[in-house]
Structure formats: C-alpha cells, structure tokens
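Undergrad: My questions will all concern the structure given below.
Every number here is computed from the coordinates shown, using simple stated rules; none is lab data. From a predicted model like this one, the values you see are computed outputs, not experimental measurements. Reconstructed Cβ throughout: ideal geometry from the backbone, glycine too, with neighbour counts over all protein chains shown.
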Amino acid sequence: MRSLLKLFSPGLWIVLLMAVISTVLVALLPVKANRGMQMWVFDANHAKIAGFIAEDWNRAHPATPVQVKLITGAALQTRMLSGFYSDTPVADLIEVERSMIGQVFAGPVADVGFVDLTGRLDRENLRTGINEPSFSPWTTRGHIFGLPHDVHPVMLMYRSDLVEAAGIDMSKIETWDDYFRVLRPLMLDLDGDGRPDRYLLNSSPTSLFYHEVLLLQAGGRLFDNANHPKLNEPLNARILAKMATWYTGPTQVAAEAPIGGPSALQLIREGYVIGLLAPDFIAGQIRMSLPDMAGKFKFMPLPAWEKGGRRTSVLGGTMLGITKAGATTSTAWAFAKQLYLSSDTAHRLYDVARIVTPIKANWNQPFYDEPDPFYSNQRIGRMYIQLAPEVPVRPSSPYYPMTQQLLSSVVIRLCRYADEHRLYDGPSLEPEAQRLLDEAQHKVEAQIHRNAFLRADR
Amino acid sequence: MKSSRLHSPWTPWLFLAPFLLSFGAFIAWPAVRSLMLAFEQTYGPKTTAFVGTANLQFLVHDPFLWTAVGNTVVFTLAAVVLQIPVALGLALLLNRSDLRGRRFFRLVFFSPSIVGLAFVAILFSFMLEKRTGLINASLHHLFPAWNPDFPWLDRYVMPSLILAQLWISAGFYMVYFLAALQNVPGELLDAAHIDGAGAWQRFWHVTLPEIRPVLNIILLLVVTGSFQLFDLPYLLYNDTAGSGPDNHALTVVTYLFQTGFRSGDLGYASAIGWMLTLVLVGFALIQRRLARAEES
C-alpha cells in the first residue's frame, strides 16, 4: 500500500481523488424525469399563449401534462435537427419557423422526424377548415407534417401622420406605380445635404425576405407546387427588373430600416421609411415596440402590380409538428388540436401579437372587428382576414433558403449592373435580370440534382 | 521488485495510453470516419447513401465552393498584408523605451483580443450601420458630403470583415513581436548604429533577421487562422447564416458548416473539410521548407 502511495506524488493523488469524487457526485445527481409531454417553442408570445392552453390541458389531463419550453430559434433548430439526425432527445411537440423546416425535408420522406399528419387531417375532415395555402410550407412530396399556426398575410403599413399632413389621399392608390408617383413629394431632403432622408418603401437589394414577398404578390414564384425550381420564369425577370429601379439611381424610392436590426425602430420613428411591408405579426411588434407612435400608422392592402391584381402576399410562418420520437402521438395530436384549433387561442394570438388564425371557423369572431386605437382605430384584424384566402402558395423545398439568397444576389447584381450602365427602367434591365436568373436557376438545379434522397423519392 | 515493475515492457505503453486513447478516439477515428463520409451522401449520420466520387466531382464544379475559396483567399492575403505589418509596427512603436505610457498603450492595443468575438461582431454591426452607425454618422457630421447611407456591410463586405479582424488580431500578434523584439541583442543594434546604419538599415539587417523565427510562426498562424475564418462572418451576417450579401462573406468553413450542420449532408461537408486540410498541410509544408532553406 505504502509503495503504491509512493508511486505518484501527493499532488497527483489529490487530483485523482477529486476526479473520482466529482464523478461519483455527478453520477448520484437525481435525474429529473420528464413527466407527460414536452413542447418546444422559439417565440416568447407563442410560449405565453401555449402556456395558458397547457394549464387548461394539464387540469383536464393530469396523467399527461404538457410542459412548454421556450428555446431561442437557433438553439431549437440545432436541438431539433440533432434529434432527427442522431436520436438525441427531442420534445414531443415542436413549433418550427418557416426558415427551419427545409432542412427537415432534405432526406427521404420516410426519415422526416415529424409524424405525417395527412391521414389524420383527412380522416377528421380538418383540412377544409384550415386556410389551404397555409399548409404549403409544411408539405413535402404530398405529405403534411405540421399544423399551420398562422396565415401572415401582408399589408402596407404607412405613416399616416406624414401622408395626411401632406394632404395625400391613399384610397386612390391601386398599384405600386400609383403609390410611388403619389407619394414621391414625401421623399424629402431634411438636412440639406442633397440626399433624401425619407424613402417610400422599407426594402433594399439586400432584403432577404421582401423580394420574395413582392414576387409572390405579382404571381411569380421560386418553386412550383412539386418543389421544382422556377427561378428563371420570365415574370420573375420582369418583376425583379422593375424592383431594381426602386433601389438605385435617380429612380430610387426604397431603402431599408431592417426590422430586428439595431437601428430599425429609431429609423421608423424618424420617418426614414413611409411604407412597410407588414405581415400581421409586424403589426403586433410595432405596437409593442413603439407605443409612443400610437395614431401615426395606418394599413392598406398592398398596392397591386397591375390594376385588379393581388393586393396581398405572405411572409414567415410557423407550424406545430409532432415528433416521431415522442411516445404519445395520439395524446400529442389531441393537445395540438386544442392549442391550434380553439377560439381561445385565436383570441389570445390576436390580442397578444395581432396574428390572425388560419382556422376559418374562427374568422367570424367579433374581436377581429374591434377598432385598434394604436392604428388610428382601423379594424386591422378584419382587414387581414379578408386578405387571408388570397395569400400565395409557398414552397417547402430544402433548397428554399439557398434560392432565397440567390434571389437576393440577383437583385444586388442587377442594381450594380443598372448603376454601371446607367439603366434605370424596367424593360432595359429585363434581359440582364433574365440572364442572372438563368444562372441562379442552374446553381439550384445542380444542388438539387446532387441530392440522392430526393431523386430516390421521385 | 518495485524497480522491475516500473521497467516492464508495458510501462511506456501504460504512460502513453491516455494520450493514445484520446488521440485515437478524438483525432484518428474521426479522421478515418470523415474520409469514409466523403464518399457518402448523408441526411444526418443515420441516413446515408454511398455516392462514390460524386462529392469530389461536384466539389470541382460547385460555384458556391469556389466563391467561398475566392473570398477566403482574399481575406487571407489581406490578413497577411495588413495584420502582420500593423502588428509589427505597433510592437516596434511600443518597444521604444522613450515612449511615455507604453504599458498603457500595450494594454489598449491588446485589449480587443480579450473581448469575445460575439461582442466584436455586434460592435462592428452597430458601428458600420447605415445612417445611425458610428462611422457613417461621424463622417457625415464631419463631411456633410459623405453619404450617411453608405452601405459598408452591404457592399463592402470583405473590407468590413478585414477591418474587424484587424482590430481583434493586430494587438494579439503585437505581443508575439514585442517578446521577439525584446530578445534582439542591444549590442548588435548599437554596433550597427556606430557603423553608421540608419534606422531602416538597422531594422532590415539586424532586427528582422533576429525576429524571423517568430515572424514565420505568426505567418503560419495568420494563414491557417484566416483559412478557417468562420465565426466573424457567421455572427456579422447571421441572417444569411454567414454568407453575407451576394455570398461575399461566404468562407470555406462557413460553407462546410452550412452543408454539414444545416443541410445535414455530412458527406459533402467532409469532402470540403478534406480539401481544406490538404490546402493547409500544403501551405505548412511549403512554409517550413522555405524557412529551412533560409536558415541553411
């Protein structure tokens, strides 16, 4: 024993002893077993609403309580994908944001980590009761993997105080051309440096999301319903060419106060942009973030690209999925229905975040008709719901985020081309837009073609 | 008895065992596994399909990868051309015994490297903002003709990254140079001075040869570090997962991360990783050979 003790120095023995003791202590720590079901959400408002509904559920179902856990978006995405890829523990129910879902659909359809809800929705006749286009981002190869949380129709939110002070009547505006022509006098140089300090639309060549919003509104698309890329369709080229003229040169009318960026609220308050492309959740965010701006904003349907054209688009979105790893699929499905289909949730969703539900049966609820004092007493709930059935269908391709970035690259390059050649009208830029879109289409096709799993499923 | 036990043929292996085990588990086996993965397509580690050399063939024609390689090379060249001279310049300046407050300035220039990179990225995203950012707002205030909407982060992606990296790293490498400069024998410099050598000649013919071994190490660190650039663009351009506008911030490692950990294609990510490894090993070998040739 003594010879053993002398084999190492006292210091080393202490380190070894500490290692052993700490290992034993960690091993003895009680493991907190999860009772019932877990639900992961990435948004604080969603967590709040789910928490209320879970309380009711837990009272009625003490054997299978639901625990709602708020996790930041990036962490939720990593944990969810790790779970699906490598069987690490995941929740029974997960709320997934649109930008996260593509990766879930990148493999064979049989290996998607969420339960296929198509059969349940059909058997229980639920599909017809939910806004049809709202299923599209959560559907791959004909299978629906999530219940839609929202519709997110887009309207134009504008600074009514500035517009009305200039004596402009917004009701006469029908198209984007009307909008920019009528509001052009508001693009003022406030500090005398020869440059405008106010722009008419909150968008820029680097806006990742707004190009798609405007493209979809015009009837353009990134993918067809079977998720084949359709980036280089002539209509897309025409729309992007027109959009490029908004962003650069003497025809520039748009600049960005990036929502979520460090200075966006200050810029919006200062009136840097008059109009914002605003899905319903932006209405909720602005109301919460700029309470001192009450009465200074109003909404109108988006100006159309052509007279009689579509007056809305769609941006963002969330679904609720049931994981295959969860032990209690039927109980999770029952909770999912209680959470997403109830009028109570619809009311809370609108009350907290101004988000309108995709459940058509709830669209006639009276709270949507209440005037909103923050938005100059407009009935914005009803306005959004009237536009909800018209929101465009969107893709669920795993290559959607890449395509969205390529779209932004096309606009950036097109603006550079416009500046280099001093071309600031849509028709002159169209051939270059088409060339850039052809190039982008080729890149996406090459990536998709490489995916052996999608090839096999086809 | 004790002595013979300690000198048994197994004793060296016993001492080597912890290293060998951890090396095998965390370096050798992952390297072998990643080489195997380079010939597969995966949807996470569970779902795999053997694709032969398809990943390697695609690598050659992948426009995103070559954009990433181009950006990485530009960043690396800029890092070598800017970071090393700036760090050496600062070290020379702060090595002067007649400079008052040099300890304070050493701390000031070194401090950016002890702040977290996330903090640096946030700081630069604030500073380089259009209109409200410190740089545009200050320049517009000083020179009214300056465009307050100057798009640093949108149009000047690489200069923004280089500037941020220079701010973080210059002080860090300055410390290496300071240590090397303090080992340059004073009598050599004095002798050169007495022989009539000017400041530039003393630097070129005495100081630089003396600090060359440290310079070589720093060159290796800067090049390998720049080729592995990931966190700064990822944090600064988080909305595009580190790609930046028109992929101008996309680096090889960012692309590897996006492919492997966002798309779940660990196979193609492994192929990219092996390509990067070969480039870095190649550079290290060339650099080592050049250093040896110089020494001999």
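Undergrad: Tell me the mean residue ellipticity at 222 nm calculated for the protein assembly as shown from its helices only (DSSP H runs of n ≥ 4, each -39500 (n - 2.57), averaged over every residue, nearest 500).
TA: Values: 35 runs with 402 residues, N = 754.
So the helix-based figure for the protein assembly as shown works out to -16500 deg cm²/dmol.
Undergrad: The range A:399-444: which GluC sites (Glu not before Pro) are DSSP loop and have at most 16 other beta-carbon atoms within 10 angstrom? Please report the intermediate quantities before stating the final value.
TA: Working: sites: A:GLU420, A:GLU432, A:GLU439; in loops: none.
Hits after loop and neighbour filter: nothing returned.
Undergrad: For the range B:55-295, state what percent of all Cα-Cα pairs lands in each successive 5 Å bin, counting from 0 Å until the bin that includes the largest distance.
TA: P(r) over the range B:55-295, rounded to whole percents: 1, 6, 11, 14, 15, 14, 13, 10, 8, 5, 3, 1, 0, 0.
Undergrad: If the elastic network links every pair of Cα atoms under 10 Å, which of B:VAL206, B:VAL279, B:VAL222 fluctuates the most in the Gaussian network model of chain B?
TA: Among B:VAL206, B:VAL279, B:VAL222, the largest mean-square fluctuation in the Gaussian network model of chain B belongs to B:VAL206.
Undergrad: When 1/r is averaged over all different Cα pairs and the result inverted, which Kirkwood radius in Å belongs to the range A:59-101? Let's see the in-between values first.
TA: Details: mean 1/r = 0.0850 Å⁻¹.
Taking every pair of different Cα atoms in the range A:59-101, averaging 1/r and inverting gives 11.8 Å.
Undergrad: While we're here: Quick one: pull the percentage of alpha-carbon pairs in the range B:19-161 with a separation above 27 Å. Provide the component values of the computation, followed by the final result.
TA: Details: 5807 of 10153 pairs.
That fraction is 57 percent.
Undergrad: Determine Rg/Rh for the range B:77-204; Rg is computed over alpha-carbon atoms and Rh is the Kirkwood hydrodynamic estimate from the same atoms. Walk me through the intermediate numbers first.
TA: Values: Rg = 18.8 Å, Rh = 17.0 Å.
Expressed as Rg/Rh, it is 1.10.
Undergrad: Here's something else I'd like to know. How large is the convex hull of the C-alpha atoms of the range A:223-353 per residue, in Å³?
TA: On the way: hull volume 27.5 nm³, N = 131.
That works out to 210 Å³ per residue.
Undergrad: Above 23 angstrom, tally the Cα pairs of the range A:108-218 and express them as a % of all pairs, no decimals. Could you put the intermediate results ahead of the total?
TA: Numbers: 3322 of 6105 pairs.
Within the range A:108-218, distances greater than 23 Å cover 54 percent of Cα pairs.
Undergrad: Still on this structure: Which semi-axes, in whole Å and largest first, does the equivalent ellipsoid of the range A:1-58 have when worked out from the alpha carbon gyration tensor as the square roots of 5 times its eigenvalues?
TA: Equivalent-ellipsoid dimensions as semi-axes: 52, 13, 6 Å.
Undergrad: Right, here's the next one. Distance in nm between label sites at B:ALA284 and A:GLU132, each 7 Å beyond Cα in the beta-carbon direction?
TA: 6.1
Undergrad: Then there's this: When you take every Cα atom in the range A:74-146, what is the radius of gyration, and what is Dmax, the widest Cα pair distance, in Å?
TA: Over the range A:74-146's Cα set, Rg and Dmax evaluate to 12.7, 36 Å.
Undergrad: Can you count the Lys pairs in chain A with C-alpha separation below 19 Å, eight or more apart or on different chains?
TA: Value for chain A: 12.
Undergrad: Something else about it: Please list, in order along the range A:194-205, the HN-Hα scalar couplings obtained from phi with the Karplus expression 6.51 cos²θ - 1.76 cosθ + 1.60 (θ = phi - 60°), rounded to whole Hz, x for Gly and Pro.
TA: x, 10, x, 10, 9, 10, 9, 9, 7, 7, 8, x
Undergrad: Two decimals is fine: what's Rg over Rh for the range A:367-458, C-alpha atoms, Kirkwood radius as Rh?
TA: Numbers: Rg = 20.5 Å, Rh = 17.1 Å.
A ratio of 1.20.
Undergrad: Could you tell me how far the Cα centroid of the range B:252-296 sits from the Cα centroid of the range B:111-180, in Å?
TA: 28
Undergrad: Binning at 20 angstrom from zero up to the longest distance, how are the C-alpha pair distances of chain A distributed in percent?
TA: 22, 49, 21, 6, 1
Undergrad: Using a Förster radius of 56 Å, what is the FRET efficiency between B:VAL32 and A:ALA294 based on their Cβ-Cβ separation? Nearest 0.05, please. The partial results should precede the final answer.
TA: Values: r = 64 Å, r/R0 = 1.14.
Working from the Cβ atoms, E equals 0.30.
Undergrad: Just to confirm my numbers, what's the Cα centroid distance between the range A:69-110 and the range A:376-406 in Å?
TA: Spelled out, the Cα-based centre of one part sits 22 Å from the other.
Undergrad: Return the distance in nm (one decimal) between the two label points of a simple spin-label model at A:ASP344 and B:HIS193, each offset 7 Å from Cα along Cα→Cβ.
TA: 8.5
Undergrad: How many nm separate the modelled label positions at A:ASP161 and A:ASP111, each set 7 Å beyond the Cα in the direction of the Cβ?
TA: 5.5
Undergrad: If you project the alpha carbons of the range A:13-102 onto the principal axes, what extent comes out on each, in Å, largest first?
TA: Answer, in whole Å and largest first: 54, 36, 23 Å.
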